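The values are calculated or read from the model by the stated rules, or taken from the named source; none is laboratory data. The structure displayed is predicted, hence computed values, not measured ones. Cβ: placed from backbone, ideal geometry, glycine included. Neighbour counts: every protein chain shown. To get the accessible areas, we keep the full protein, side chains included, count just its heavy atoms, and leave off ligands, DNA and RNA. Shrake-Rupley method; radii C 1.70, N 1.55, O 1.52, S 1.80 Å.
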Amino acid sequence: MNLQGLIVCRNLLNEEVFGGIADRFEISARLVEKAEQIGLSGNLYRAYLIYLLAHEPNLISTSIEQRGGKIGDNLREIFKHDIEILLPIFRGEVLGDTKFINGYEPTVKNKNESFIELNRRLENVGDAAEITYTFMEHYKRYGYGDIATYRAFRWDKNLIGVRHFESILLNDLIGYAHQKELLIGNTTAFIDGKPANNVLLVGARGTGKSSSVKALVNEFYSSGLRLVQITKPQLKNLPEIMEALRKFLSKHFIIFMDDLSFEESEAEYKYLKSAIEGGVESRPENVLIYATSNRRHLIRETWRDRSEEHEEIYRDDSTNETISLSDRFGLIIHYYSPTQAEYLEIIRSMLKKNGIELDEENLRLEGLRWEMTHSGRNGRTAQQFVNHFLGQR
């Protein structure tokens, strides 16, 4: 095939498989290597082309991201022109000279949800217009590259995908129906482009605050929601992080800070205050901040702060400074320790998911005995009991 006519997909020519190798056995070797690395199957010419268009940036995918899903008519027509050139590969008409790459099955198939869906949608498309539309919808919904591949990211001078993100769902969290309702309502409004608040989840340890946020990302991944977890020392990098996320306007990001609290001597909280509200540069519309904490006001308070003998002349100013950070979270959700009945129900539900049902008396005796010798009554303690119980069977 002659791919020299490509315009917006011209980066394909940098791939030796499509643009630089003449020896058919060398091409086969490269394709098999890619298939095993990525988990490609079927006709490897076609599979690798789909993978490259889905993951490597091109003018179409980057324009859709930067313009919130919009693209000009001329650019769409140029993309269709490129797809017409590539059409024989999409139709499986370009076959390898060896039998191995025409119906290949890798040792481990690619399990990425967005890539699987894209391949499924491309199975029955016939012409360039349909393929063009399918890719554009894929870019709008999932993005490209790591943004399409990963649900969660960490920050290390750039976005780094989290390969093994916890697969928890909201239905896996027993109880806290009202808290989950508030979280879902705020997050769906955010995804739909409606006004939404930054969220502070406050409460006792082990009650599922962090798990609730992680579950949100799993629930709304296909709607364009992604998570970026940062640490307290990285708060000074918030302007840089926000600017990086501003480039992906068709996606929505939760910047997540887990178990957040500050001592009076720590100045990092001022970076967070500025990022939420008060900085010169506005927060991107596609970014919200969710944080969990065991402290209602995030900054440690003492009785001395409320004492009339406080050394500061304007004591109210000091108090306002302490609570002003948490006040900038428009939605504060409280997670309380479960009652004894709720604690036992959590254990019962977890055991049932593993095919085990204890009678009422044994459940009560074993669950409460575990609670008394551990860190109190909460969801984490219940999970630890279930792990121990299953491990001893």
Completion exercise
For the range 177-191, pairs from a residue that is closer than 14 Å to V217 by Cα to a residue that is at pLDDT below 95 and polar (S, T, N, Q), with Cβ under 8 Å and 6 or more apart or across chains, are K180/S212; L183/S212; N186/N197; I191/S223
Problem - F135, sole failed condition from (1) in contact with a strand residue (DSSP E or B) (Cβ under 7 Å, 6 or more places away or on another chain); (2) of a type outside the set (A, V, I, L, M); (3) surrounded by 22 or more Cβ atoms within 10 Å (Cβ to Cβ) - result: (1)
Completion exercise
Looking across the range 6-36 at residues that are in a loop (DSSP other than H, G, I, E, B) and either touching a His at 6+ places or on another chain (Cβ under 8 Å) or of a type in the set (A, V, I, L, M, F, W, C) (or both), the single one that is farthest from S114 (Cα to Cα) is A22
Practice task
Identify all residues within the range 178-220 that are basic (K, R) and under 20 Å from L272 (Cβ atoms); write none if there are none.
Solution key: K209
Problem - Single match in V213, V202 (criterion: farther than 21 Å from K140 by Cα and touching a Ser or Thr at 6+ places or on another chain (Cβ under 6 Å)) - result: V202
Exercise for the section: Confirm whether F256 is modelled with pLDDT under 90, touching a Phe, Trp or Tyr at 6+ places or on another chain (Cβ under 8 Å) and buried (at least 21 other Cβ atoms within 10 Å of the Cβ). Expected result: no
Practice task
Consider G145 carefully, then state whether it is farther than 21 Å from I60 by Cα and open to solvent by less than 60 Å² (accessible area, probe 1.4 Å).
Solution key: no
Handout entry: Yes/no for E345 being assigned to a helix (DSSP H, G or I), modelled with pLDDT under 85 and open to solvent by 70 Å² or more (accessible area, probe 1.4 Å)
Key = no
Fill in the blank from the handout: Among residues of the range 1-51 being β-branched (V, I, T) and modelled with pLDDT of 90 or more, the residue most open to solvent (accessible area, probe 1.4 Å) is I7
Fill in the blank from the handout: Among residues of the range 348-381 being in a helix (DSSP H, G or I), open to solvent by less than 40 Å² (accessible area, probe 1.4 Å) and in contact (Cβ under 8 Å) with a residue 60 or more places away in the chain, the residue farthest from I174 (Cα to Cα) is T381
Exercise for the section: Say whether the condition of being open to solvent by less than 30 Å² (accessible area, probe 1.4 Å), modelled with pLDDT of 90 or more and touching a Leu at 6+ places or on another chain (Cβ under 7 Å) is met by at least one residue in the range 93-105. Expected result: no
Practice task
Report the residue count in the range 52-73 for those that are surrounded by fewer than 21 Cβ atoms within 10 Å (Cβ to Cβ), at pLDDT 90 or above and among the small types (G, A, S).
Solution key: 2
Practice task
Scan (1) part of a helix (DSSP H, G or I); (2) of a type outside the set (D, E); (3) under 23 Å from I184 (Cβ atoms) for the single condition S337 breaks and write down its number.
Solution key: (1)
Handout entry: Qualifying residue in the range 124-131 (condition: without any contact (Cβ under 8 Å) to a residue 40 or more places away in the chain, within 19 Å of the chain's Cα centre (by Cα) and open to solvent by 70 Å² or more (accessible area, probe 1.4 Å))
Key = no
